[in-house]
Each structure stands twice: as structure tokens, then as C-alpha cells.
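Since the structure comes first, as C-alpha cells, the remarks are kept for the end.
Values quoted throughout were computed directly from the atomic coordinates according to the rules given, and no laboratory measurement underlies them. What you see is a predicted model, and the numbers here were worked out from it, not measured in a lab. Ideal geometry is used to build each Cβ from the backbone, glycine not excepted, and the neighbour counts take in all protein chains shown.
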Amino acid sequence: MLRSLELRWFFKGILPIPVYQWFTDILPGNEKIEEKPRADYYLATQSIDLGVKFSRQQLQVKIRKYNVDFTLNNNNIQGSLEYWIRYDWDYLPPQENTITDKIYERFSSIIKIDKTRLIRKYKILDNQLVQIPLSNTTDTQCSIEITKINVKEQTWSTLGFDWFLNNKIPESTFIVDYITNNKTFNKTINELFKKYPVFKLTQSNSFGYPYFLSKISKEEK
């Protein structure tokens, strides 16, 4: 089980060049940031609180438990900070993509998304924000990504921030607690977005993948 706080924004088309320059040249660290392109297969769940997908030989189920409004940098960055729980199950198809391709072709409720992702992973070490390699799956405290996606013959981009939670932290009101009291969380997100360019991130386009998929499916009709 993986628990995380997530901020995500979606944009039609490609993000402006200054946003890419901020991500590649200004954010701390010089580790590799580009992943191999991949295809994910999402189930249209009819709920913005539930995400189901096949990704990288795993079935992943995500449940959104809470969300609160979030503001940073004198209102230049506004979004919905969401608390998600994710469960993973491994599966091993006989050939790469065989099972997912057959499922996608058979069911109209499965949505294929091609992704090209730039991602940076970080942790706080000696009170400093340190980038860690993409291959490190155990020490990551947070990640930030820019992903170009192709879905339903449309090109979109998404900017996302994930803060990974210790499973021992109680659920009660911890999202508000993190925003107001958690010094490590606040230091990290302020450091990452400190030199973010003048390209406003708004509440209206801040949501998770389930809402995004429902939005573009409605626009098709």
C-alpha cells in the first residue's frame, strides 16, 4: 500500500518552454530525469475518487480519501491537494503488452494513455533537498513530474507533485496538519516551486487522472 499527497494540473497541448527550463535547468540536482515512454490503460470508473489502471506490469487501484484547497507563491500556484491510497498487484504477461492490448481492444471502458515523463525524486538530507536516482524506490520522500500524454487523439500535459506518507501517520486530519505544521513538507514544496516561472497554476485545472478522464470523455459526446 502506498499513501501520498498529490498536486496535479492538466493543460491542453504542450507546456510553455520556461516551465520545461525550470524543470530541467533550475530544479536541484543533475540526476537523469527522463523515463522510457510507456502506455498505461485506465478503466473508466465513473468516480473521480477511484482510479484503476494497468501500468508497467501492475494492476494499480487508487482511492481518493480527502482533498483540500492549496495556495503557494502569492496565489500564483493554486490547486487541489489530494490524499490518495494506492494498492498494487503484479502480473506477468507472456509477452510485453499482450494482455493489456487485448483488454484495450475489447472493452470501450478501457482508455489508453501514452506517456512521456520527466521526473525528479527528492528527499531531505541534513536539512537540504537532495535529488535521488530514478532507480531508487525506497528513499524517495517526494517526486515532481512533467508528463506529455496522448489520449483519444489529443495531446495534453500534466505537472504533478507527490509527497509520500509513512503508513503509521493517522488519517484523521493530517492533510490540513501537513499544510500548517509539517516543516519538512513546507520546506520541500517551497524549495521546488521557489523559482517557478510566471505561468499561473489554477484551481480549475487541478485534479487527478479519474476526473481528467471523465472530463475528456464528456467532451467527446
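Using r as the Cβ-Cβ distance of residue 90 and residue 68, and R0 as 45 Å, what FRET efficiency do you calculate, to the nearest 0.05? Step by step, r from the Cβ atoms, then E = 0.85. For the chain, divide the Cα radius of gyration by the Kirkwood radius and give the resulting Rg/Rh value with two decimals. Radius of gyration relative to Kirkwood radius: 0.94. The angle separating the long axis of helix 183-193 from the principal Cα axis of greatest extent in the chain is about 70 degrees. Of the residues 140, 45, 180, the one that moves most in a GNM of the chain with alpha-carbon contacts below 10 Å is 180. In straight-distance terms, cross-link reach from residue 183 covers every one of the lysines whose alpha-carbon lies under 16 Å from its own, apart from those fewer than eight places away in the same chain; here that gives 123, 194.
Among the chymotrypsin sites (Phe, Trp or Tyr not before Pro) within the stretch 1-93, those in coil by DSSP and having at most 14 neighbouring Cβ atoms inside 10 Å are 91. Calculated translational diffusion coefficient of the stretch 108-210 (25 °C, 0.890 mPa s; Stokes-Einstein with Kirkwood radius over alpha-carbon pairs) equals 153 µm²/s.
Based on alpha-carbon atoms, the Kirkwood radius and the radius of gyration of the stretch 1-95 give Rg/Rh equal to 1.01. When the chain is treated as a Gaussian network with alpha carbon springs shorter than 10 Å, the biggest mean-square fluctuation among 206, 80, 109 belongs to 109. The slack in the chain from residue 214 to residue 126, taken as 0.36 nm per residue of separation less the alpha-carbon distance, amounts to 27.4 nm. The GluC sites (Glu not before Pro) of the stretch 131-205 that meet both conditions, a loop assignment by DSSP and at most 15 other Cβ atoms within 10 Å of the site Cβ, are 153, 171.
In this structure, the residue pairs whose Cα-Cα separation is over 26 Å, taken from 148/168; 62/195; 168/215; 12/218; 148/215; 148/187, are 148/168; 62/195; 168/215; 148/187. The residue among 18, 197, 154 whose Cα reaches farthest toward the positive pole of the charge dipole of the chain, with charges on the beta-carbon of Lys, Arg, Asp and Glu, is 154. Modelled spin-label separation between residue 24 and residue 152, with each label point placed 7 Å from Cα along the Cα-to-Cβ direction: 3.0 nm.
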